[in-house]
Amino acid sequence: MSNYRQEIDALSTQLKTKNNWQAINAESVARMRLQNQFKTGLDIAKYTAAIMRKDMDAYDNDPTKYTQSLGCWHGFIGQQKMISIKKHFQNTDRRYLYLSGWMVAALRSEFGPLPDQSMHEKTSVASLIAELYTFLRQADARELGDFFRELDAANEAGDTAKAKEVQAKIDGHITHVVPIIADIDAGFGNAEATYLMAKQMIEAGACCIQIENQVSDEKQCGHQDGKVTVPHEDFLAKINAVRYAFMELGVDDGVIVARTDSLGAGLTKQIAVTKTPGDLGDQYNSFLDCEEVLPENLNNGDVVLNRDGKLVRPKRLPSNLFQFKAGTGEARCILDSITSLQNGADLIWIETEKPHIGQIGAMVDAIRKEVPNAKLVYNNSPSFNWTLNFRQQVFDAMQEEGKDVSAYDRDRLMSAEYDETELAVTADEKIRTFQADAAVGAGIFHHLITLPTYHTAALSTDNLAKEYFGDQGMLGYVLGVQRKEIRQGIACVKHQNMAGSDLGDDHKEYFAGEAALKAGGKDNTMNQFANI
């Protein structure tokens, strides 16, 4: 890729051949091009797919190099995450964004807030991907715009050393555009519907699509009851549909995450097709809860299986669903994961009921006997009570070691009275290192939190409302929000700049020169936040 000066020189040469383009300034065009590195969603998908593949290879060589993301429900939220990451860590290495189907349903549907049951509009997922990347691209344009104004000031002052320093920042600019792991739920219908939806998501910029093995029209949140899975062949058809979508659009490195909900799903809608004993369909059916039945005891409409020469009848519920045998969840998860990885998936996601490295690691060990480089995406879910779970884990470990736990009530460990105890401090340290420990000990390549900003928005709004509408009045906003923004260097304190006002001024000047009517003059109140 050419640097800033090379781009200007090339454009100057080009413009000299256009007799009636004298008003077009080569440097202004160069700036606009640099501020718009990605022209289409497919450009983004190809670029970010290469990043994920590189990160997956790095993890295979060193499992301490795991990746992370936080869930988003608006482009501004995603933008602020990446701006903050660059601010605090100077790069975006191994840090992605997650697009949660739960948050799309709860916050983006035209029907209003909905549960995570695939009832929201299908196209809202692809629309959010496009929105996220629009905001990330504007973050690039805004940051580079600040560099360009800094360069102009240095040139006007004749400070060549400063100009050289700023040009190096321009040439070494790190984009805010990162991979998005995008949730396609259970595919929003049959395999053809999955393919069409995947195409929209990829065209919007998605390099990684996560799909789960639930029945599409019975879909439930992974941490709620009533989940119903599909036979493996049905799920593999949808994995194939996503792969075809990637390849049709030329994103050959596209990443597929196959999620299994089998640990908490005790139901199936279908008996799998089986042709030979021990085939995939037979393995799926082997987990069904059945009862032996004699031919004379068959009822009209019964489904029967031949199991070891005996007729057995799967237990059918009033909902017309069939149930699996209790205690088979982990075995089904292992089979699901192996089957998916051997048939087109790149990563697996096992939805669990608690964050427990021992439980996850045991399943990964079993999976890796068949697929040695198996890697997980793991939901560090807000549906878990992290404090209670880890305090109970520490309590149980202390008890097994013969330590005195009489000072603790295991059922009340969430109580604030335990916050300063040795048990609570130990539990908090285990929470702090959970992601690093699970990356090494449980094969987790990517850690994500699905709904973080859903909760942070509620928490911060509650705190502001309590102060502002209470005795603090306007001081509640100033102390709780604006002064913190200023002290912590939060760019959004200059909200006009963040919304693109300065970018618009730059363009007005490019287009109209001295005649441009710009918003950033001396009467702009954003000047009160200059040089703070």
Within segment 294-333, considering residues that are closer than 24 Å to GLY358 by Cβ, in contact with a strand residue (DSSP E or B) (Cβ under 9 Å, 6 or more places away or on another chain) and hydrophobic (A, V, I, L, M, F, W, C), the one surrounded by the fewest Cβ atoms within 10 Å (Cβ to Cβ): PHE324
Leading residue by the ranking (surrounded by the fewest Cβ atoms within 10 Å (Cβ to Cβ)) among those in segment 380-413 that are within 30 Å of TYR454 (Cα to Cα) and of a type in the set (Gly, Ala, Ser): SER383
Where a residue in segment 16-39 is farther than 25 Å from ARG142 by Cβ and its partner, wherever it lies, is part of a loop (DSSP other than H, G, I, E, B) and not aromatic (Phe, Trp, Tyr), with Cβ under 8 Å and at least six apart: LYS18/ILE24
ALA465 vs. criteria more than 30 Å from ILE357 (Cβ to Cβ), of a type in the set (Gly, Ala, Ser), over 24 Å from the mean Cα position of the chain (by Cα) and in a helix (DSSP H, G or I): yes
Pairs with Cβ under 8 Å, 6+ apart, first in segment 449-461 and within 14 Å of TYR96 (Cα to Cα), second assigned to a helix (DSSP H, G or I): THR450/TRP102; THR450/MET103
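Name the single residue that is nearest to GLN138 (Cα to Cα) among those in segment 156-176 being of a type in the set (A, V, I, L, M) and buried (at least 17 other Cβ atoms within 10 Å of the Cβ). Break it down into steps so the answer makes sense when it comes.
Just the residues of segment 156-176 that are of a type in the set (A, V, I, L, M), to begin with: 157, 161, 163, 166, 168, 170, 174.
From the residues that got through so far, the ones that are buried (at least 17 other Cβ atoms within 10 Å of the Cβ) too are 163, 166, 170.
Working: ALA163: 24, VAL166: 20, ILE170: 15 Å.
Taking the candidates together, the pick is ILE170.
Taking the stated definitions as given, is TYR96 hydroxyl-bearing (Ser, Thr, Tyr), buried (at least 17 other Cβ atoms within 10 Å of the Cβ), within 20 Å of VAL257 (Cα to Cα) and out of contact with any Pro (no Cβ under 7 Å at 6 or more places or on another chain)? Write out each step before concluding.
Working: hydroxyl-bearing (Ser, Thr, Tyr): yes; buried (at least 17 other Cβ atoms within 10 Å of the Cβ): yes; within 20 Å of VAL257 (Cα to Cα): yes; out of contact with any Pro (no Cβ under 7 Å at 6 or more places or on another chain): no.
So TYR96 does not fit the description; no.
Report whether or not LYS39 is in a helix (DSSP H, G or I), exposed (fewer than 14 other Cβ atoms within 10 Å of the Cβ) and within 32 Å of the chain's Cα centre (by Cα). I'd like the intermediate steps shown before the answer.
Details: in a helix (DSSP H, G or I): no; exposed (fewer than 14 other Cβ atoms within 10 Å of the Cβ): yes; within 32 Å of the chain's Cα centre (by Cα): yes.
No.
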LEU151 being assigned to a helix (DSSP H, G or I) and over 26 Å from GLY187 (Cα atoms): yes
Exclusive hit being touching a strand residue (DSSP E or B) at 6+ places or on another chain (Cβ under 7 Å), over 30 Å from ALA457 (Cβ atoms) and surrounded by 13 or more Cβ atoms within 10 Å (Cβ to Cβ), set ALA10, ALA30, ALA49, ALA26: ALA49
Segment 314-351: number of residues that are out of contact with any Lys or Arg (no Cβ under 7 Å at 6 or more places or on another chain), not in a strand (DSSP E or B) and not charged (D, E, K, R): 20
Hits in segment 55-87 - residues which are under 17 Å from ILE449 (Cβ atoms) and either surrounded by fewer than 18 Cβ atoms within 10 Å (Cβ to Cβ) or of a type in the set (A, V, I, L, M) (or both): GLN68, LEU70, HIS74, ILE77, MET82, SER84, ILE85
Segment 102-116, residues that are more than 14 Å from the chain's Cα centre (by Cα), surrounded by 17 or more Cβ atoms within 10 Å (Cβ to Cβ) and touching a residue at least 24 places away in the same chain (Cβ under 8 Å): ALA106, LEU107, ARG108, ASP116
Candidate set from segment 428-446 (those that are within 19 Å of LEU70 (Cα to Cα) and among the small types (Gly, Ala, Ser)); member that is surrounded by the fewest Cβ atoms within 10 Å (Cβ to Cβ): ALA436
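Throughout, read-outs are computed from the coordinates displayed, never taken from laboratory work. Keep in mind the model is a prediction, meaning the values are calculated, not measured. With ideal geometry, Cβ positions are generated from the backbone for all residues, glycine too; neighbour counts draw on all protein chains shown.
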